[in-house]
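The values are calculated or read from the model by the stated rules, or taken from the named source; none is laboratory data. None of these values were measured; they are calculated from a predicted model. Here the Cβ positions follow ideal geometry from the backbone for every residue, glycine too, while neighbour counts run over all protein chains shown.
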Amino acid sequence: MNPNPITPALLAGSVIAVPPLARHPDLSLHRGANALLIRHLEAGGVRTLLYGGNAVFYHMAPSEFAGALEMLRELAGADSTVIPSVGPAYGLSMDQAAILRAFDFPTAMMLPARDITTPEGVAAGIRKFAHAYGKPVVLYIKFEGYLDPEHAKALVDEGVVSWIKYAIVRADPARDEYLRKLVDLVDRKIIVSGIGEQPAVVHLRDFGVQAFTSGCVCVAPRLSMAMLRAIKAGDFAAAESIRAVFQPLEDLRNAINPIRVLHEAVAAAGIAPTGPLLPLLSPVPDSKRDAIASAAQALLARNAAAA
């Protein structure tokens, strides 16, 4: 694993994969399956892996946290950057800070909580966690009202933030006053589009953010990396053509549930047996499995063709 601090160049150099976390039927971590998925991503050129929502770190038992960190550190290639997540509860994140200090991850992401928060309180919690951890953290802006752009700027100015994952979904990603204000206040080189391939062209081209995160990259890493390279080269027509290839699976994720569909898709494509999801989540309905498998297998085939 690459333990070096996150830089704008590192962010720009790879799609940031947000993988699921594979488990055995008894819900214990499946080391072999997680290794298969990491090797698939690395074979496609991906070098940054962010374990957060798709990995269901939200519901991970505190007693399992250190073991999960150790597994991910050991499985990642020497030049792959791994970023785990903490929280979303404040008390949990503070206890996790003590565990994280024993590892050499370059940063960690604070998972966002939708309820029982205020923007000022969120900013205070992130600040206290970063100080307890001893490193700048990934700021994940997912909901309106979670944190104001001014709070984000203050945290960046204090040196508390490594980079920002921006993931507020808009009907039209080009019409986003929050993101416009954020890129005016904060260095765009540390802001990443956090909603997959679909808004990535607009976010990178029109708002100037540095890179994008993706779940579907776990199925088609070569294609997703080709899309990032096309955007960086200014070949937006090529990027749009690649983006369209991801849309069938993304549409299913949006229609059903992004985490649950991706978990199913990685297994259905034959990449790795992801196993069951942690409660409080449940598997996708049986009636949707064939459609997910079809979309995932078609995307994987296009990925193989891109090789």
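Listing for the model above:
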read-out	value
Residue within the range 3-15 that is modelled with pLDDT of 95 or more and either of a type in the set (Phe, Trp, Tyr) or touching a Leu at 6+ places or on another chain (Cβ under 7 Å) (or both) present	yes
Residue tally, condition within 13 Å of ASP79 (Cβ to Cβ) and surrounded by 21 or more Cβ atoms within 10 Å (Cβ to Cβ), over the range 1-46	4
The range 103-145 - residue that is among the hydroxyl-bearing types (Ser, Thr, Tyr) and in contact with a strand residue (DSSP E or B) (Cβ under 6 Å, 6 or more places away or on another chain) and, of those, farthest from THR213 (Cα to Cα)	THR107
Selection count, the range 107-121, where residues are of a type outside the set (Gly, Ala, Ser) and over 20 Å from the mean Cα position of the chain (by Cα)	6
Residue ID - surrounded by the fewest Cβ atoms within 10 Å (Cβ to Cβ), chosen from residues in the range 118-148 that are out of contact with any Phe, Trp or Tyr (no Cβ under 7 Å at 6 or more places or on another chain) and among the β-branched types (Val, Ile, Thr)	THR118
Pairs where the first residue, in the range 131-150, is farther than 21 Å from GLY53 by Cβ and the second is loosely packed, with under 15 Cβ neighbours inside 10 Å and of a type in the set (D, E, K, R), C-beta under 7 Å, 6+ apart	GLY134/ARG101
Unique residue being more than 25 Å from MET227 (Cβ to Cβ) and of a type in the set (S, T, N, Q) when the list is SER63, SER80, SER14	SER63
Some residue of the range 49-61 being modelled with pLDDT of 95 or more, surrounded by fewer than 23 Cβ atoms within 10 Å (Cβ to Cβ) and β-branched (Val, Ile, Thr)	yes
Checking GLU240 against (1) out of contact with any Ser or Thr (no Cβ under 7 Å at 6 or more places or on another chain); (2) among the charged types (D, E, K, R); (3) crowded, with 22+ Cβ neighbours inside 10 Å, the condition it does not meet	(3)
So GLU42, is it of a type in the set (Asp, Glu) and under 22 Å from TYR133 (Cα atoms)	no
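Listed here are the residues, each with its yes/no results for (1) free of Cβ contacts under 8 Å to residues at least 60 places away in the same chain; (2) in a helix (DSSP H, G or I); (3) touching a strand residue (DSSP E or B) at 6+ places or on another chain (Cβ under 9 Å).
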{"position": "VAL266", "(1), (2), (3)": "no, yes, no"}
{"position": "GLY270", "(1), (2), (3)": "yes, no, no"}
{"position": "PRO273", "(1), (2), (3)": "no, no, no"}
{"position": "PRO279", "(1), (2), (3)": "no, no, no"}
{"position": "SER287", "(1), (2), (3)": "yes, yes, no"}
{"position": "ALA295", "(1), (2), (3)": "yes, yes, no"}
{"position": "LEU299", "(1), (2), (3)": "no, yes, no"}
